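This report concerns only the one structure given below.
The values are calculated or read from the model by the stated rules, or taken from the named source; none is laboratory data. Here the structure is a predicted model, which means the values were calculated and not measured. So basically every Cβ, Gly included, is an ideal-geometry build from the backbone, and we count neighbours across all protein chains shown. These area figures cover heavy atoms from the full protein model, side chains too; ligands, DNA and RNA do not enter into them. Shrake-Rupley method; radii C 1.70, N 1.55, O 1.52, S 1.80 Å.
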Amino acid sequence: MVFSENEIRIYKQDYPLLEGILNLKPTIWLNDSLKKSQQIPKLPITKQNMIEAEKLWTRFAPFLKKAFPELELTDGLIESPLTQIPNMKNALEDNYSAEINGNLFLKCDSELPVAGSIKARGGFYEILHYAENLAIGAGLIKPDENYEAFLSESFRRFFQQYSIGVGSTGNLGLSIGIMSAKLGFNVSVYMSADAKQWKKDLLREKGVTVHEFTGDFSVAIKAGRQQTLDDPNGYFVDDESSKHLFLGYSVAAFRLKKQLEENNIKVDADHPLFVYLPCGVGGAPGGITFGLKQVFGDHVHCFFVEPTHSPSVLIGLLTGEMNNVSVQDFGIDNHTEADGLAVGRPSSFATSISKHLVSGIYTIEDHELYKLLIMLADQENIYLEPSATAGLIGPQTISETNYLEHSNAENATHISWATGGALVPEADMQQFYAKGKNILEKAE
Ligand SMILES: *Cc1c(COP(=O)(O)O)cnc(C)c1O
């Protein structure tokens, strides 16, 4: 369904912000449905679910430690550093001529072990959860036993009877593929042909079947869902409505709380926390926002960031149409170089929760992402993939609105969530960097 000119005119009358969004202008939207803690209606998941999800990670830690040597040092915990970036803060203040009140941190999910992106949280969790259910159901293990058994030959043979499928433009496929293959599942990743070559190569190297589809990514997803579910032992990881992915992401909040305490950072009415999260279907930023709201209540303020060419969650929430509309319906092309963010339609599960919890959404242009990539590399020697830089202009973008009138921003802590980068091959990273340099020089 593509809207007629007249339908779009009516939408614009009802939602004037759409004018700029449809013209691909960087836009900021503040959520007037944001609820205070006490007013939040009953949600389909709870803090108790998060606590149980954290316990699942603990049960699997011995398996993870043994399966992936890079987890030896952390005893099987998959977590990323929280890093203060003072030089970047100065550079942002010079470049975007606005001050940033308080501290600026980077949450380096780009360095999450094994998957190299935020998908290590949601994707790994969903596969481990599924594997555990199967194994317990078959009487192979009990929750209080040692999960190193998941590496044994008998478990692998058991999991070989089951197939897992996922549609992905890249990072989700990597996380689902890597973990499923490690456990012995038959795993297929359905990708659009334009997905990065190195991601396809890496998956095939790990024993994953990669199916490539020409045309729009939605074709790949549809075929993937169909082919997976045709198998009675098939399980499809559904990025557009998965509760498990969402829960996997939410656990980040417990970990972040600890890291903030270690840095002597307070979060309370006088010390608000602002978090800026790159957003695709909305599952990762939604899950993390849900978790942070459980942990910090009204003292945390979460903003999502989308490319100007893929504002799917923004349009879904602004118009209230949620996952019933896509950016293509509004004539937006969904073309962006931000891997993971090129999403035309939001997750139904995630947006139904985020609509009460997210403070706002802003959009960013691709060339800006490259500029930020260069700045961060030069200032802090940290290399991200382009999509992962989107949160860095968060503090200054928000300061252009009246949002801060309601909060004590002087003592704020700002966290830009860096969502991916570590697995990007050196040559690709050099290309990103060269591209950014080009953009910067043209701007001078
Ligand atoms: C997947 C991804 C996101 C966003 O996650 P969604 O759940 O799709 O909103 C952000 N950044 C990167 C690098 C990703 O791979």
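Can you pull out the residues in segment 151-167 that are within 22 Å of the chain's Cα centre (by Cα) and closer than 19 Å to Ala131 by Cβ?
Narrowing segment 151-167 to residues within 22 Å of the chain's Cα centre (by Cα): 164-167.
Listed by number, the residues that qualify are Ile164, Gly165, Val166.
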Inset, instruction - Output the residues belonging to segment 293-324 that are in contact (Cβ under 8 Å) with a residue 40 or more places away in the chain, more than 14 Å from the ligand (Cβ to nearest atom) and open to solvent by less than 20 Å² (accessible area, probe 1.4 Å). - result: Gly297, Thr308, Ile315, Thr319
Inset, instruction - Confirm whether Leu77 is assigned to a loop (DSSP other than H, G, I, E, B), away from the ligand (no atom under 16 Å from the Cβ) and not assigned by TED's automatic domain parsing to the domain that holds Glu368. - result: no
Legend entry - Search result, residues across segment 329-344 that are away from the ligand (no atom under 11 Å from the Cβ) and part of a loop (DSSP other than H, G, I, E, B): Gly331, Ile332, Asp333, Asn334, His335, Thr336, Glu337, Gly344
Inset, instruction - Within segment 206-231, track down each residue that is closer than 22 Å to Asp329 by Cα, outside any helix (DSSP H, G or I) and not acidic (Asp, Glu). - result: Phe213, Thr214, Gly215
Legend entry - Selected residue (only one of Trp29, Trp57 is assigned to a helix (DSSP H, G or I) and either touching a Leu at 6+ places or on another chain (Cβ under 9 Å) or loosely packed, with under 14 Cβ neighbours inside 10 Å (or both)): Trp57
Legend entry - Restricting segment 279-292 to residues that are outside any helix (DSSP H, G or I) and open to solvent by less than 10 Å² (accessible area, probe 1.4 Å), the residue that is nearest to the ligand (Cβ to nearest atom): Gly280
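Of the residues Lys36, Lys25, Lys66, Lys89, which single one is over 22 Å from the mean Cα position of the chain (by Cα) and without any contact (Cβ under 8 Å) to a residue 60 or more places away in the chain? Outline the logic, then answer.
Numbers: Lys36 fails: without any contact (Cβ under 8 Å) to a residue 60 or more places away in the chain; Lys25 fails: without any contact (Cβ under 8 Å) to a residue 60 or more places away in the chain; Lys66 fails: without any contact (Cβ under 8 Å) to a residue 60 or more places away in the chain.
Unique residue meeting the criteria: Lys89.
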Legend entry - Of all residues in segment 120-160 being touching a helix residue (DSSP H, G or I) at 6+ places or on another chain (Cβ under 9 Å) and farther than 22 Å from Gly76 by Cα, the one that is least open to solvent (accessible area, probe 1.4 Å): Phe158
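Condition first: outside any helix (DSSP H, G or I) and surrounded by 19 or more Cβ atoms within 10 Å (Cβ to Cβ). Now tell me which residues in segment 241-264 satisfy that. Break it down into steps so the answer makes sense when it comes.
In the first step, residues of segment 241-264 are kept if they are outside any helix (DSSP H, G or I); the result is 241-242, 251, 263-264.
Listed by number, the residues that qualify are Ser242, Val251.
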Inset, instruction - Check whether at least one residue in segment 77-86 is in contact (Cβ under 8 Å) with a residue 60 or more places away in the chain and open to solvent by 70 Å² or more (accessible area, probe 1.4 Å), and report yes or no. - result: yes
Inset, instruction - Name every residue in segment 345-367 that is more than 12 Å from the ligand (Cβ to nearest atom), small (Gly, Ala, Ser) and under 22 Å from Ser242 (Cβ atoms), in order of residue number. - result: Ser348, Ser352
Inset, instruction - Taking Pro386 as meeting all but one of (1) buried (at least 24 other Cβ atoms within 10 Å of the Cβ); (2) more than 19 Å from Asp32 (Cα to Cα); (3) touching a strand residue (DSSP E or B) at 6+ places or on another chain (Cβ under 7 Å), write down the number of the exception. - result: (3)
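Any residue at all in segment 42-58 that is within 30 Å of Leu384 (Cβ to Cβ) and not hydrophobic (A, V, I, L, M, F, W, C)?
First pass over segment 42-58, keeping only residues within 30 Å of Leu384 (Cβ to Cβ): 45, 50, 53-54, 56-58.
From what's left, not hydrophobic (A, V, I, L, M, F, W, C): 54, 58.
Looking for residues that are within 30 Å of Leu384 (Cβ to Cβ) and not hydrophobic (A, V, I, L, M, F, W, C), one finds at least one in segment 42-58, hence yes.
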Legend entry - Count - residues of segment 413-430 that are away from the ligand (no atom under 16 Å from the Cβ) and either of a type in the set (D, E, K, R) or over 23 Å from the mean Cα position of the chain (by Cα) (or both): 3
Legend entry - Matching residues in segment 252-284 - criterion: being at negative phi and either small (Gly, Ala, Ser) or assigned by TED's automatic domain parsing to the domain that holds Arg121 (or both): Ala252, Ala253, Ala269, Gly280, Gly283, Ala284
Legend entry - Number of the condition not met by Gly177 [criteria: (1) touching a residue at least 40 places away in the same chain (Cβ under 8 Å); (2) under 18 Å from the mean Cα position of the chain (by Cα); (3) closer than 20 Å to Thr228 by Cα]: (1)
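Would you be able to say whether some residue in segment 392-413 is in a loop (DSSP other than H, G, I, E, B), open to solvent by 10 Å² or more (accessible area, probe 1.4 Å) and within 19 Å of Pro81 (Cβ to Cβ)?
Going residue by residue through segment 392-413, those that are in a loop (DSSP other than H, G, I, E, B) are 400-402, 407-408, 412.
Filter once more, keeping what is open to solvent by 10 Å² or more (accessible area, probe 1.4 Å): 400-402, 407-408.
Adding the requirement that they be within 19 Å of Pro81 (Cβ to Cβ) leaves none.
For segment 392-413, residues in a loop (DSSP other than H, G, I, E, B), open to solvent by 10 Å² or more (accessible area, probe 1.4 Å) and within 19 Å of Pro81 (Cβ to Cβ): absent.
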Legend entry - Residue satisfying all of: in segment 213-240; in contact with an Asp or Glu (Cβ under 9 Å, 6 or more places away or on another chain) and open to solvent by 60 Å² or more (accessible area, probe 1.4 Å); nearest to Gly170 (Cα to Cα) among these: Thr214
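State yes or no: is Lys371 away from the ligand (no atom under 13 Å from the Cβ), basic (Lys, Arg) and farther than 21 Å from Gly287 by Cα?
Values: away from the ligand (no atom under 13 Å from the Cβ): yes; basic (Lys, Arg): yes; farther than 21 Å from Gly287 by Cα: yes.
For Lys371, the condition - away from the ligand (no atom under 13 Å from the Cβ), basic (Lys, Arg) and farther than 21 Å from Gly287 by Cα - is met.
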